[in-house]
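Read through the structure below, which is laid out as structure tokens, and then see the notes.
The values are calculated or read from the model by the stated rules, or taken from the named source; none is laboratory data. Bear in mind that the values here come from a model prediction, so they are computed numbers and not experimental data. All Cβ positions, glycine included, derive from the backbone under ideal geometry; neighbour counts span all protein chains shown.
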């Protein structure tokens, strides 16, 4: 994922502000990422970059899976399985209602796979961002702006 210096600083600020009571939001090692990919397949490049450089995050919904959360999602076979196999989507996060957030590998768009709803086509999915980078930067912006409003920090 190509990021400008300003975008990197935005992400660093958002990660610093993010509550991390269980120390789970940290960069993943190359070895851990490689181990996941050898078992379950390649992680899309932009998501892989975020995991390696920053880790998963929960600025606000949707949250972006840590490698541990991604592994649990893949192993447990959430209801997104039909979309993954049919339409080449990759789970990257979730919403508080149990819905899964996916990267559509053919377009790079970010879509929501609703919880407890069987979806047969990508045409039925709600697209929430044009790209993973766009989603992450939007979430970081929302989070830092909210922190400024609430706490007065700039």
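The table that follows gives values for the structure above.
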item	result
Enumeration of residues in the stretch 23-38 that are within 25 Å of residue 142 (Cβ to Cβ) and either buried (at least 18 other Cβ atoms within 10 Å of the Cβ) or in contact (Cβ under 8 Å) with a residue 24 or more places away in the chain (or both)	24, 25, 26, 27, 28
Helices (runs of 4 or more DSSP H) wholly inside the stretch 1-96 containing at least 1 residues that are modelled with pLDDT of 90 or more and out of contact with any strand residue (DSSP E or B) (no Cβ under 8 Å at 6 or more places or on another chain)	5-17, 30-40, 45-53, 67-76
Enumeration of residues in the stretch 125-154 that are more than 22 Å from residue 44 (Cα to Cα) and part of a helix (DSSP H, G or I)	141, 142, 143, 144, 145, 146, 147, 148, 149, 150, 151
Pair list, Cβ under 7 Å, 6 or more apart: the stretch 39-53 residue on the phi < 0 side of the Ramachandran plot and surrounded by fewer than 18 Cβ atoms within 10 Å (Cβ to Cβ), other residue modelled with pLDDT under 95 and assigned to a helix (DSSP H, G or I)	40/74
Residue that is modelled with the lowest pLDDT [pool: residues in the stretch 108-124 that are within 16 Å of the chain's Cα centre (by Cα) and assigned to a loop (DSSP other than H, G, I, E, B)]	114
